[in-house]
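The values are calculated or read from the model by the stated rules, or taken from the named source; none is laboratory data. Worth saying up front: this structure is predicted, and the values here are computed from it rather than measured. Backbone-built Cβ (ideal geometry, glycine too); neighbour counts: all protein chains shown. Protein only, heavy atoms only, side chains kept; ligands, DNA and RNA dropped before computing areas. Shrake-Rupley method; radii C 1.70, N 1.55, O 1.52, S 1.80 Å.
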Amino acid sequence: MLRAVLMFVLIGWSFQLGAAGQTVVIWMKNGDRLTGSIMQQDKDRVFFDLPYAGQLLLARTQIERIEHPSPPEDAAVPAKGQTEAVHVQKHPATGYSVDLTAGKKRSNSRTDNLGFKTTFEQRDDKLRLTFDGKYDYETSNSLKKTHKYLLNPGADYFFQPQLFWRTKVDYSQDFIATDYRNTDLSSGVGYSFFDTAELRVEFIALAGLKRTHFKETAGLEIFIGDRQSLDFRHAQLEWDLRYLWPQSSFEIFSEGSYLKPVNQPVNFIKFGHEIDVSSGLHYYLTERVRLSFSVDFDWSDIDVVLNQGLAISVDSRELHQKLSIGAKF
C-alpha cells in the first residue's frame, strides 16, 4: 500500500515538472508573448522563468497556448517515403480594447464631454497589425469646444524579435479648428526593449509627410495664396510604455510622439513642432474590465512671421484630464 502511494506522488510530481527547464513560448490571451522556461506547473498555475525579469506566476485562465520548440533536424528521422517535415501552424495573437469617457463639469461654465477610444492589435512572429481610433466631443455653455476624431492604422514587420520596421497612417478630422484635416504618412525603424504581459518599452524613429488642409473661410489667403493645404516633411519619435505593477491591479502607461518639421512650405508661417502625449493609470476591476485616468496634452507650436520679422504665436495647446471605463480582450 505504501509503495502505491509513493508511486502516485512521484507520478504527480513528474507531471508538474515535466516541462521544467525547457524553453517554450507562452501566448497570453491579451496578445502578449513570453519566451522562457517553465519551472513548475499544474492544472491551475504555471511558474515561468524569464531571462530578463525572473520568475512569474501565470494563471492558466490567462494563457492562450504554450508552444514548444521544434526538435533539431537531426533529432528525428523521417519515415520512409516521407519528403517533407510536418510543421504546426502558429495562430496569430489578437488583442483589443475599448474605453468610454463621459463627464459633466459645473463651475463658472457648464462643460459636457463625451469620448470613445478603441485599439486593436494582431501579431504573429513577423508581422504586427495595429489600429487606433479616437472620438472626442466637448461643449462649454452649450457651445462646441471640441469635435474631432482620429484614425491610426499601422503595420510593424519584425526583422528580429526586438527590431522592427513600422509603416503607419495618421488621419484626423477636426470640425472646429481652422486646420480641419490632417493626413500623415510615415515610416521608420523601431526597437522593442520589452514586450510582455507585465512590461512594454518601445521606441520608434520615423520620417514622413504631413498634409494639412485649411478651411476656405479661414482667411489665410494672404499667407498661403490660393492653396488650401500645406505639406510638411518631418522627423518623428514615438514611444509606447506600459508597466503592470507586480501582484496588483494597477497599470501605468505613457504613449505619444514628438514631431519636428524639416521644411517650411511658406515664409509667413513657421511650424515649430508638435507634441502629443497621453499618460495615466489603469485599474483593473476584473481580468478585463478597467477604470482609467489619463492626462492628454496636445501642443502645436506655430508662429505667423510678419514682414518686419516680428513673429506672432498662434500655438494650439490642449490639456484634458479624463476618467473612463473600458474593457481589454
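One table, with the values for the structure above:
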quantity: Selection within region 42-67 - touching a helix residue (DSSP H, G or I) at 6+ places or on another chain (Cβ under 6 Å) and over 17 Å from GLU287 (Cα atoms); calculated: ASP42
quantity: Residue selected from region 265-274 under the condition touching a strand residue (DSSP E or B) at 6+ places or on another chain (Cβ under 6 Å) and part of a loop (DSSP other than H, G, I, E, B), by the criterion least open to solvent (accessible area, probe 1.4 Å); calculated: PRO265
quantity: Unique match (being part of a strand (DSSP E or B), open to solvent by less than 80 Å² (accessible area, probe 1.4 Å) and at pLDDT below 90) among VAL277, VAL304; calculated: VAL304
quantity: Single residue of region 185-198 satisfying the filter (open to solvent by less than 60 Å² (accessible area, probe 1.4 Å) and modelled with pLDDT of 95 or more) that is farthest from LEU163 (Cα to Cα); calculated: SER186
quantity: LEU150 being farther than 22 Å from VAL289 by Cβ, open to solvent by less than 70 Å² (accessible area, probe 1.4 Å), hydrophobic (A, V, I, L, M, F, W, C) and at pLDDT 65 or above; calculated: yes
quantity: Test for VAL289: is it open to solvent by 50 Å² or more (accessible area, probe 1.4 Å) and within 23 Å of ARG233 (Cβ to Cβ); calculated: no
quantity: Candidate set from region 236-264 (those that are open to solvent by 40 Å² or more (accessible area, probe 1.4 Å) and assigned to a loop (DSSP other than H, G, I, E, B)); member that is farthest from LEU323 (Cα to Cα); calculated: GLN264
quantity: THR61 being open to solvent by 30 Å² or more (accessible area, probe 1.4 Å), outside any strand (DSSP E or B) and at pLDDT 75 or above; calculated: yes
